[in-house]
Amino acid sequence: MTKPLQNIKIAILVCDGFEEVEMTKPRIALKKAGATVDLISPDAKQVYSFRHDKWGKKFIVDANLETANPADYDAVLLPGGVLNPDKLRTYKSAIQFVNHFFKKKKPIAAICHGPLTLVETGHLKGRKMTSYPSIKTDLINAGAHWKNAQVVIDDNLVTSRQPHDIPAFNQAIIKVFGSEH
């Protein structure tokens with residue numbers, strides 16, 4: 001049986017401090033759907049997750065952001081966590097990496113605080129989105145139309161609010177990531 005994401009390669013872009021379940025659960029779902037998934041980071045060869053308010057597990061990085069080519073990927077996923085997107089958005093290479101997906105109209109998914117990185121791209125004007133409520137104003141100020149919903153799909157952009165929404169988020173990303181091929 002053909003899997004919906006067979007032959008699709010997805011980048012998960014993170015820094016230290018990403019919310020563990022917002023990376024691990026979508027990554028498992030994407031792999032089960034047949035995708036190849038790479039963990040990409042500007043951090044050395046490993047990154048540390050956060051479990052709500054405590055440091056979590058260490059994860060091996062598949063590719064360094066400085067050498068990863070966004071053209072090699074069909075979609076990008078941005079997990080949240082408070083520390084992760086705040087740090088990630090300061091890397092020019094991270095913004096250039098994500099900008100590739102906007103320019104090529106490839107699927108982009110972000111959950112919880114993950115959309116903070118998207119603010120720096122300048123591509124949110126008029127986009128329908130959701131996020132963790134504490135960054136609602138940041139998204140509105142960037143021109144997005146914010147909605148309090150489990151998942152918001154706006155063309156190639158999928159956003160979600162929080163870890164409790166992961167089951168709905170996973171369904172949405174598999175649908176959107178798969179529909180692009």
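Suppose the filter is surrounded by fewer than 19 Cβ atoms within 10 Å (Cβ to Cβ) and either touching a Cys at 6+ places or on another chain (Cβ under 9 Å) or at positive phi (or both); does Asp138 pass it?
No.
Screening the candidates Asp16, Asp38 for the property of being assigned to a strand (DSSP E or B) and of a type outside the set (Phe, Trp, Tyr) yields one hit, Asp38.
Residues checked against (1) under 20 Å from Phe177 (Cβ atoms); (2) polar (S, T, N, Q):
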residue: Met23; (1), (2): yes, no
residue: Gly34; (1), (2): yes, no
residue: Ala44; (1), (2): no, no
residue: Ser49; (1), (2): no, yes
residue: Ala63; (1), (2): yes, no
residue: Pro70; (1), (2): yes, no
residue: Asn84; (1), (2): no, yes
residue: Ala110; (1), (2): yes, no
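The single condition among (1) at pLDDT below 95; (2) among the aromatic types (Phe, Trp, Tyr); (3) under 28 Å from Lys175 (Cβ atoms) that Tyr73 does not satisfy is (1). Can we say Gly114 is more than 16 Å from Val76 (Cβ to Cβ) and of a type outside the set (A, V, I, L, M, F, W, C)? Considered against the rule, which asks whether it is more than 16 Å from Val76 (Cβ to Cβ) and of a type outside the set (A, V, I, L, M, F, W, C), Gly114 comes out as no.
Of the residues contained in segment 100-112, one or more are found to be small (Gly, Ala, Ser) and in contact with a Ser or Thr (Cβ under 8 Å, 6 or more places away or on another chain). The residue pairs whose first member lies in segment 100-118 and is free of Cβ contacts under 8 Å to residues at least 60 places away in the same chain and more than 11 Å from Val158 (Cα to Cα), whose second member is of a type in the set (Lys, Arg) and part of a loop (DSSP other than H, G, I, E, B), and whose beta carbons are closer than 8 Å, counting only pairs six or more residues apart or on different chains, are His100/Lys106; Leu116/Arg89. Among the residues of segment 152-180, the ones that are surrounded by 22 or more Cβ atoms within 10 Å (Cβ to Cβ) and either farther than 18 Å from Thr24 by Cα or at pLDDT below 95 (or both) come to 1 in all.
Condition test on Gly56, is it in a loop (DSSP other than H, G, I, E, B) and not aromatic (Phe, Trp, Tyr)? No: the conditions fail for Gly56. Is segment 1-19 home to any residue that is charged (D, E, K, R), at pLDDT 95 or above and closer than 15 Å to Ile166 by Cβ? The answer is yes, given that some residue of segment 1-19 is charged (D, E, K, R), at pLDDT 95 or above and closer than 15 Å to Ile166 by Cβ.
The values are calculated or read from the model by the stated rules, or taken from the named source; none is laboratory data. It should be emphasised that the depicted structure is a prediction, and the values quoted were computed from it without experimental measurement. Note: ideal-geometry Cβ built from the backbone for every residue, glycine included; neighbour counts use all protein chains shown.
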